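Written below as structure tokens is the structure these notes are about.
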Amino acid sequence: MTATPQTPDVVVIGGGPGGYVASIRAAQLGLSVVCVEFDRTLGGTCVNVGCIPSKALLGSSEHYEWTQTHAAEHGITFDGVRLDLARMMKRKDDVVARNTRGIEYLFKKHKVTWAKGVGTLRPGNVVEVKAGDGAVSTYRPRHVILATGSVPVTLPFFPFDEERVLSNVGALRIPEVPQHLVVIGGGVIGLELGSVWRRLGAKVTVIEFMPTILPGNDDDIVKEAAKVLTKQGLELHTATKVVGGRRNGARVLIETERSADGAKRMFDADYLLVSIGRQPALTGVDAAELGLALGRRGEIVVDDQMRTNLPGVFAIGDAVGGKLLAHKAEEEGVIAAEVIAGHPARMHYHNMPAVVYTWPEVATAGLTEAEARASGRAVKVGKFPFSANGRARTMGSTDGFVKFVTDARTDEILGCHMIGPNVSDLLAEVVLAMEYRGTADDIGETVHSHPTLSEVVKEAALGALGRAIHI
Ligand SMILES: Cc1cc2nc3c(=O)[nH]c(=O)nc-3n(C[C@H](O)[C@H](O)[C@H](O)COP(=O)(O)OP(=O)(O)OC[C@H]3O[C@@H](n4cnc5c(N)ncnc54)[C@H](O)[C@@H]3O)c2cc1C
């Protein structure tokens with residue numbers, strides 16, 4: 001039976017960071033909002049099978065490794081540290097549940113209706129929602145926001161079974177510590193989840209097609225990350241292509257070819273994580289039927305106000321491509337909601353931060369040194385190592401550095417690249433400075449508490465001016 005058409009101001013399809021934030025912001029602006037989500041819980045990839053569970057396991061595995069590698073130097077000795085993997089996984093699930101329930105609470109608080117089911121956009125901006133029991137509700141909103149997210153890219157010879165051949169979903173719930181985990185893809189997800197399982201005792205081999213891990217990042221950062229992660233025990237094979245393979249019972253065989261000389265090699269693993277990127281998901285959105293414009297990679301084409309080519313239809317988050325980051329999706333959601341409410345908001349991406357939560361962490365924003373030089377500007381670079389910082393020494397975490405790339409003529413900060421302890425948080429002050437077109441001088445002349453890791457940021461900024469103090 002089809003229910004009566006309903007006419008909210010906005011229907012958002014997708015309850016991930018893009019969709020749920022767009023819903024809340026639209027409700028704050030006085031609009032009536034229905035958010036359609038077919039998953040059991042709100043929060044999308046990020047909260048359920050991405051950012052949050054991966055960071056929970058990264059945190060737990062860091063503690064586990066620390067007890068074995070660093071505790072003794074602090075005068076703390078343990079007799080027989082044991083891993084209770086089931087408990088670690090339960091804690092991760094509890095953290096996820098607290099977050100998903102938090103979003104449900106926010107929906108109630110802001111009177112956003114959660115329509116549970118699969119949403120389909122029909123021509124004329126009609127949204128049909130099919131619930132689990134087959135019941136269909138039809139909405140005729142003034143505006144639609146598509147926030148349908150992304151799915152992992154697969155390799156032809158390795159379809160995901162989430163038992164032995166894993167995407168992020170399976171890699172976050174392996175029931176035992178693998179003997180040998182092979183990770184295809186040396187990007188953020190591969191290195192983070194590879195680090196989790198290495199810390200818990202697995203041999204981890206990372207195979208990357210490009211010449212370096214973390215392709216696209218600043219060269220100095222990539223070199224340091226490769227050095228530190230290798231020292232920790234990750235086996236990195238870059239410039240290496242996966243050319244074949246198969247699952248064989250409880251084993252997975254992965255055949256590779258080295259770009260330099262064509263040398264072939266077979267890896268034998270008990271688990272394989274394929275993390276070679278993600279692609280836009282257009283569930284319930286038949287672009288051809290709707291006449292919705294898509295880009296080269298299947299992403300929904302939008303302008304800087306998140307409008308698609310269809311009147312009244314907006315799109316945000318992973319579904320529109322670019323950097324696949326939760327905070328990017330959230331910001332795009334805010335912009336779409338504000339534009340719908342009549343505000344002159346516009347999205348820009350110049351200072352979009354990005355973080356890799358390995359240890360040490362990697363955090364970057366703006367142009368790499370190579371990009372800044374390629375733009376034809378005269379460029380200055382300032383670098384300061386954590387090994388020369390008092391707080392990093394007290395923590396026993398001295399790997400890495402902060403690097404500023406500035407315009408030699410104006411001192412404007414063009415980019416900042418960090419690898420080191422807690423840099424995910426340290427980057428925020430630089431992004432704020434960049435948002436206001438700040439200079440190295442602005443950061444260098446700002447008083448930073450002592451002893452803090454943030455002094456490394458100040459010293460690196462002073463370094464770009466040729467006047468770092470502690471080096
Ligand atoms: C392992 C991993 C770790 C990550 N870590 C980070 C991190 O640390 N920091 C970071 O910034 N980013 C991280 N990301 C990326 C981040 O998760 C995504 O960029 C973010 O979730 C994108 O948000 P979104 O709202 O666009 O899409 P999603 O989060 O994918 O949400 C889309 C939602 O829409 C729903 N949906 C789709 N179609 C329909 C339909 N037709 N009807 C109803 N519902 C529908 C889906 O069920 C889903 O819940 C990580 C990703 C992974 C996989």
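Dipole size in debye (nearest 20) for the range 151-307 around its Cα centre, Lys and Arg Cβ +1, Asp and Glu Cβ -1?
For the range 151-307, the charge dipole is close to 520 debye.
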- Under the span-like rule (Cα at least 30 Å along the axis, Kyte-Doolittle mean at least -1.0), DSSP H helices of the chain: 85-109
- In nm, spacing of pseudo-spin labels at ALA428 and VAL447 (7 Å Cα→C-beta vector): 2.1 nm
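Which of the peptides 268-277, 43-52, 312-321 is most tightly packed, and how do the rest follow, judged by the mean count of other Cβ atoms within 10 Å per residue?
On the way: 268-277: 22.1, 43-52: 23.9, 312-321: 26.5.
Packing order, densest peptide first, comes out as 312-321, 43-52, 268-277.
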- Item | 19 Å Cα-Cα reach of LYS231 towards lysines, excluding residues that sit fewer than 8 places from it in its own chain | LYS203, LYS223
- Query: How much of the accessible area of the range 1-123, probe 1.4 Å, is carbon plus sulfur, in whole percent?
  - Reply: 53 percent
- Inter-label distance for ARG40 and ARG247, nm, one decimal - labels placed 7 Å from Cα along Cα-to-Cβ: 2.1 nm
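Rank by packing, highest mean first: peptides 323-331, 99-107, with packing defined as the count of other Cβ atoms within 10 Å averaged across residues. Can you show the working numbers first?
On the way: 323-331: 20.7, 99-107: 17.0.
Output ranking for 323-331, 99-107: 323-331, 99-107.
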- Task: Just the number, please: carbon plus sulfur as a percent of the accessible area of the range 258-404, 1.4 Å probe, no ligands or DNA/RNA counted.
- Result: 50 percent
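If the chain between GLN28 and ALA374 were fully stretched, how many nm would it gain, using 0.36 nm times the residue separation less the Cα-Cα distance?
Working: separation 346, 0.36 × 346 = 124.56 nm, distance 4.31 nm.
Extra length available between GLN28 and ALA374 comes to 120.2 nm.
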- Report the one residue of LEU453, PRO123, GLY149 whose Cα lies farthest in the direction of the positive end of the charge dipole of the chain (charges on C-beta: Lys and Arg +1, Asp and Glu -1; origin at the Cα centre). PRO123
- Task: Tell me the label-point distance for the pair THR77, HIS110, using the 7 Å Cα-to-Cβ offset, in nm and rounded to one decimal.
- Result: 5.4 nm
- Return the lysines within reach of LYS92: Cα separation strictly under 16 angstrom, same-chain partners fewer than 8 residues apart disregarded; answer none if there are no such residues. LYS55
- Mind running the shape call on the range 404-471? Use the C-alpha gyration tensor, a ≥ b ≥ c as the square roots of the eigenvalues: rounded below 1.5 for a/c, prolate if a/b tops b/c, oblate otherwise. oblate
- Give a quick list of trypsin sites (Lys or Arg not before Pro) in the range 377-465 that DSSP marks as loop, anything other than H, G, I, E or B, with at most 14 other Cβ atoms within 10 Å. ARG409, ARG437
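How would you order 165-174, 302-311, 239-248 from highest to lowest mean count of nearby Cβ atoms within 10 Å?
Numbers: 165-174: 21.4, 302-311: 18.2, 239-248: 15.9.
The peptides rank, most packed first, as 165-174, 302-311, 239-248.
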- Query: Where the centroid of each part is defined by its Cα atoms, how far is the range 32-104 from the range 320-382 in Å?
  - Reply: 26 Å
- Using helices alone, what [θ] at 222 nm do you get for the chain, with -39,500 (n - 2.57) per DSSP H run of 4 or more residues, divided over all residues and rounded to the nearest 500? -9500 deg cm²/dmol
- Go ahead and collect, in residue order, the members of the range 388-423 whose backbone nitrogen is under 20 Å from a label point 7 Å along the Cα-Cβ direction of HIS470. 388-405, 417-423
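With a probe of 1.4 Å, find how much accessible area the chain has per residue, and write the answer as a whole number in Å². Mind dumping the intermediate values first?
On the way: 21440 Å² over 471 residues.
It amounts to 46 Å² per residue over the chain.
The values are calculated or read from the model by the stated rules, or taken from the named source; none is laboratory data. These figures come from a predicted structure and were not determined experimentally. Cβ coordinates were reconstructed from backbone atoms using ideal geometry, including for glycine residues, and neighbour counts include every protein chain displayed. For the accessible areas, the whole protein counts, side chains as well, though only heavy atoms, and no ligand, DNA or RNA atoms are used. Shrake-Rupley method; radii C 1.70, N 1.55, O 1.52, S 1.80 Å.
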